[in-house]
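Before any comments, here is the structure.
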Amino acid sequence: MTTRNNRTSLLLTLTEYGLYCAVGDFYIDPWQPVPRAVVTHAHSDHCVYGCQTYLVAQAGEHVCRMRLGETALLQTVAYGEATYLNGVRVSLHPAGHILGSAQIRVEYQGEVWVVSGDYKREADATCASFEVIPCHHFISEATFGLPIYHWQPSQAIFAQINQWWRNNAEHGKATILYCYALGKAQRVLAGIDASIGRVFTHGAVERLNQAYRASGVALPETVYAMSVGKVDYRGALIIAPVSARATSWVNRFGDHASGFASGWMRIRGARRQRAVDRGFVLSDHADWDGLLATIKATGAERVGVTHGYTAVLARRLLELGIDAYAIETRYRGETNDASEAELASET
Amino acid sequence: MKAFADLYTTLDETNKTNAKIEALRAYFQGAPPADAAWVLYFLIGRRPRRAIAVRKLAEWAAQEADIPDWLFSESYDAVGDIAETIALILPETGAVSELSLHDWVEARLLGLQGLPEPEQRTLILQAWREQSRQQRFIWNKLITGEFRVGVSQKLVTRALAEVSGLDEATLAHRLMGQWEPTPAFYQALLASEVQDAQISRPYPFFLAYPIEGDPAATLGEIHEWQTEWKWDGIRAQLIRRAGETFLWSRGEELVTDRYPEVVAAADQLPDGVVLDGELLPWKAGLVLPFAKLQQRIGRKSLSRKLLGDVPVIFLAYDLLEYNGVDWRAQPLHQRRAQLTEIIQAFSQEGPLLLSPLVQVDSWAALAEQREESRGRMVEGLMLKRIDSPYRVGRQRGDWWKWKIEPYTVDAVLINAQRGSGKRASLYTDYTFGVWDDAGNLIPFAKAYSGLTDAEIRQVDAFIRRNTLEKFGPVRTVKPELVFELAFEGIQQSSRHKSGIAVRFPRILRWRQDKPLAEADTLATIRAMLPTEA
Ligand SMILES: [Zn+2]
Ligand SMILES: [Zn+2]
């Protein structure tokens, strides 16, 4: 972007409710109910219940609806289409994180801010791919903002999952794969080889599968595990949220192997702490190189870092000559110093 | 290296004992002896002398990854394991080494010893570039020597027993003492018959479990049991063979040089004798506090003054070998009778003494004796079935320890360090403080265990949010959380700020109900000190 004179402009400011645009009078991913919210995606730490109106990407309508309920006032807008709020130009652009995830582009008097929300750079069959949006001021997430986080291509991870599932099936076992119910579960479903065996789901996953299918995303056939009577689960794959682990819910599946699909599985200690048999390193967030490359690609003069290892990423960016600062997040559990256990829900 | 890396990954990825044994069995069945010997060596916790400081490895890895030191430290803080952090930050090259494990160890790892630093650096960087990420991790572990993969020596022994058809006790015995990880050693280990040429080799120790419940209700007639005090020293084995004496600690360390007074006496033992017993600091017929023995542990040069201040004795419990014959299968009463006869030849002043029996004719009388443990400076009682053989390792049934109830105090968490192994990414090693008269919290004990996984995560999160300062790996924490601690013994100590040293401190429970101000005071704890100490 070309340099502007007005470097001290604060088109977006941090308030106790979250990022606020005073001119446009709206909040981006507010933490508490506000009159007007522009929301990057449906994960609970970005999409708070109880706002008067929401602006979301069209692709995310069904999943946001699932979270916010029938009565919420939801305004949707196609990716790239402009909306004006009090004269501020607002548009949403694919973030590649989950279905309907968006970066929020805010433009006023020639000044452009982009709030990334959560994002990843690798293509994902269940959502539109990230687009680099040039801007003056970029606000990036930093969930995996450490150089130890480096992702392999997802095809390699799906191949690992398939091989593991096949092997378990050959040994007459069921396979339970834990993952985040919104986004990761559907990405896994779209990536695995469903010809290996039947696929069952936990209720939390199945509801979101329906929202994905209603949005036109192709997923293999899944069966809600509670909807069927006594079933022989040997050879089957069961997709469930982490919260179901170590509950009596898993008893019905008999002899099984368990795995967890998450970026946190990159670290051995994180997997062992979770007490699952296998960890699959599959994340819906950008890895370290992805964060640095994206931030550079936006051409932003100033970069705010939020969500995760904020202080680390901001410090590194400063060393690399990029004017960056850390933004305090509301959730204590999501500060850069939180333990794996708290972060493992990976929202 | 690939087979070992795969084995390591499999062991690391399962929590199930059977799956671990199966993986070990499969590995040892197919592995060339030259590799298998090293795998065995590393898995049971042995390691060659470290050639390179961990700090250097970290520095070189950060340079190779082109990241500053602070960013390496942040990464390490998240991972909690230096070998793993290095493997994760190094740029991926796509290379996979085909070199065998013993080549990596013998030609590459051992070759690093004593080289000038720039050459070591070149060799290390070259090695990393040849390896896959998983191989780098293993290689870094080989260098740092910290193999923790949830495999005990017992588990390895079990797998080897399945591979060789030998019984576990034979293998455990052959793995004791000093040996070199050579193909010849490995082959001899698994051979059905072996001429045991090694005169220094100790037997595996037989260890007792704590008794559950009331012995009167569960152990039957008291006259079927030999009862002794449970002493608080260093369990050891004294070997006299072929005119030589060897003294082993339970940690499988040869400590012959450290206790010259014991060795001098043992030289008078008949040949072909092995004794199980306890090293104890002892003066004028009385045991001294364990803290005294600590002055002798690890001390290579022994001054005349120290030998005079803290004389050490060997208190004999059992006879494992007599006339060069393995006596472990003999019933305890026979071993004890023979042991008594051997020890009778020695002075009653020490340093070779017989563990006295606690002679009682009822469980009730024994319970009364146990109440006197603290005054006698022992930890309680040992109960041994009189017809029991001397078994291998920790086993239930024939031997029990009946310890006295621990002391307990409520103390405040004041600083924390990371754990190790599966808890390396969490803060699990705590220091606790108690109040002094001036209202300051004085560090009083460290404890590592006693909380559930869920509590550990909660406390970890608290520590991260309430860190006041960081000193290297240690974080000082805002005083807020109160825990009930238990410990076995208490002594005055000039080496501790509190003036007190405790034995085996551990966390009993988290007192979420207890306000900070109500934690115990140093004065309360001082009142627990034995009167004569
Ligand atoms: Zn998020
Ligand atoms: Zn998210």
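The values are calculated or read from the model by the stated rules, or taken from the named source; none is laboratory data. Here the structure is a predicted model, which is why all the values come from computation and not from measurement. For neighbour counting, all protein chains shown are included, and Cβ atoms are generated from backbone atoms with ideal geometry for every residue, glycine included. When the accessible area is computed, the model is the full protein with side chains, heavy atoms only, and any ligands, DNA or RNA have been set aside. Shrake-Rupley method; radii C 1.70, N 1.55, O 1.52, S 1.80 Å.
Among the numbered criteria (1) touching an Asp or Glu at 6+ places or on another chain (Cβ under 8 Å); (2) surrounded by 21 or more Cβ atoms within 10 Å (Cβ to Cβ), which one does B:LEU307 miss?
That leaves (2) as the condition not met.
Any residue at all in the range A:138-161 that is farther than 30 Å from B:ALA65 by Cβ and either out of contact with any Gly (no Cβ under 8 Å at 6 or more places or on another chain) or acidic (Asp, Glu) (or both)? Steps first, answer last, please.
At the first step, the residues of the range A:138-161 found to be farther than 30 Å from B:ALA65 by Cβ are none.
No, the range A:138-161 contains no residue that is farther than 30 Å from B:ALA65 by Cβ and either out of contact with any Gly (no Cβ under 8 Å at 6 or more places or on another chain) or acidic (Asp, Glu) (or both).
With the checklist (1) more than 26 Å from the chain's Cα centre (by Cα); (2) surrounded by fewer than 21 Cβ atoms within 10 Å (Cβ to Cβ); (3) farther than 30 Å from B:ILE44 by Cβ in hand, flag the one item B:GLU261 doesn't pass.
Here B:GLU261 meets the rest and fails (1).
Would you point out which residue out of A:ALA314, A:ALA297, A:ALA270 is open to solvent by 30 Å² or more (accessible area, probe 1.4 Å) and assigned to a helix (DSSP H, G or I)? I'd like the intermediate steps shown before the answer.
Working: A:ALA314 fails: open to solvent by 30 Å² or more (accessible area, probe 1.4 Å); A:ALA270 fails: open to solvent by 30 Å² or more (accessible area, probe 1.4 Å).
Going through A:ALA314, A:ALA297, A:ALA270 in turn, the sole match is A:ALA297.
Restricting attention to the range A:32-45, and to residues there that are within 12 Å of ligand 1 (Cβ to nearest atom) and open to solvent by 10 Å² or more (accessible area, probe 1.4 Å), which single residue is nearest to the other protein chains (Cβ to nearest Cβ)? Even if it seems obvious, please write down each step before you answer.
Of all residues in the range A:32-45, those within 12 Å of ligand 1 (Cβ to nearest atom) come to A:39-45.
In the following step, the residues that additionally are open to solvent by 10 Å² or more (accessible area, probe 1.4 Å) were identified as A:44-45.
Working: A:SER44: 19, A:ASP45: 17 Å.
The qualifying residue nearest to the other protein chains (Cβ to nearest Cβ) is A:ASP45.
Can you tell me how many residues in the range A:68-100 are open to solvent by 20 Å² or more (accessible area, probe 1.4 Å), part of a loop (DSSP other than H, G, I, E, B) and either within 16 Å of ligand 1 (Cβ to nearest atom) or among the aromatic types (Phe, Trp, Tyr) (or both)?
Here the count works out to 1.
Of all residues in the range A:273-285 being more than 14 Å from A:GLN152 (Cβ to Cβ) and not basic (Lys, Arg), which is most open to solvent (accessible area, probe 1.4 Å)? Let's see the steps before the verdict.
Taking the range A:273-285 first, the residues more than 14 Å from A:GLN152 (Cβ to Cβ) are A:273-278, A:284-285.
Narrowing the set further to residues that are not basic (Lys, Arg) leaves A:273, A:275-277, A:284-285.
Numbers: A:GLN273: 12, A:ALA275: 46, A:VAL276: 2, A:ASP277: 23, A:ASP284: 6, A:HIS285: 1 Å².
Ranking the candidates gives A:ALA275 first.
Looking only at the range B:313-331, decide whether some residue is modelled with pLDDT under 95 and in contact with a helix residue (DSSP H, G or I) (Cβ under 7 Å, 6 or more places away or on another chain).
Within the range B:313-331, none of the residues are modelled with pLDDT under 95 and in contact with a helix residue (DSSP H, G or I) (Cβ under 7 Å, 6 or more places away or on another chain).
Within 14 Å of another protein chain (Cβ to nearest Cβ), open to solvent by less than 50 Å² (accessible area, probe 1.4 Å), farther than 23 Å from B:ILE82 by Cα and at pLDDT 85 or above: does that describe B:PHE432? Give the steps one after another, and end with the answer.
Numbers: within 14 Å of another protein chain (Cβ to nearest Cβ): no; open to solvent by less than 50 Å² (accessible area, probe 1.4 Å): yes; farther than 23 Å from B:ILE82 by Cα: yes; at pLDDT 85 or above: yes.
No; evaluated as a whole, the condition is false for this residue.
Looking at the structure I just gave you, is A:GLU107 of a type outside the set (A, V, I, L, M, F, W, C), in contact with a Lys or Arg (Cβ under 8 Å, 6 or more places away or on another chain) and not in a loop (DSSP other than H, G, I, E, B)?
Numbers: of a type outside the set (A, V, I, L, M, F, W, C): yes; in contact with a Lys or Arg (Cβ under 8 Å, 6 or more places away or on another chain): yes; not in a loop (DSSP other than H, G, I, E, B): yes.
So A:GLU107 passes the test.
Out of curiosity, is B:LEU468 touching a residue at least 12 places away in the same chain (Cβ under 8 Å) and not basic (Lys, Arg)?
Numbers: touching a residue at least 12 places away in the same chain (Cβ under 8 Å): no; not basic (Lys, Arg): yes.
No; evaluated as a whole, the condition is false for this residue.
Restricting attention to the range A:217-259, which residues are open to solvent by less than 30 Å² (accessible area, probe 1.4 Å) and either assigned by TED's automatic domain parsing to the domain that holds A:ILE98 or out of contact with any helix residue (DSSP H, G or I) (no Cβ under 9 Å at 6 or more places or on another chain) (or both)?
None; the set is empty.
Answer yes or no as to whether B:PRO91 is open to solvent by 30 Å² or more (accessible area, probe 1.4 Å) and within 14 Å of chain A (Cβ to nearest Cβ).
Numbers: open to solvent by 30 Å² or more (accessible area, probe 1.4 Å): yes; within 14 Å of chain A (Cβ to nearest Cβ): yes.
Yes: the conditions hold for B:PRO91.
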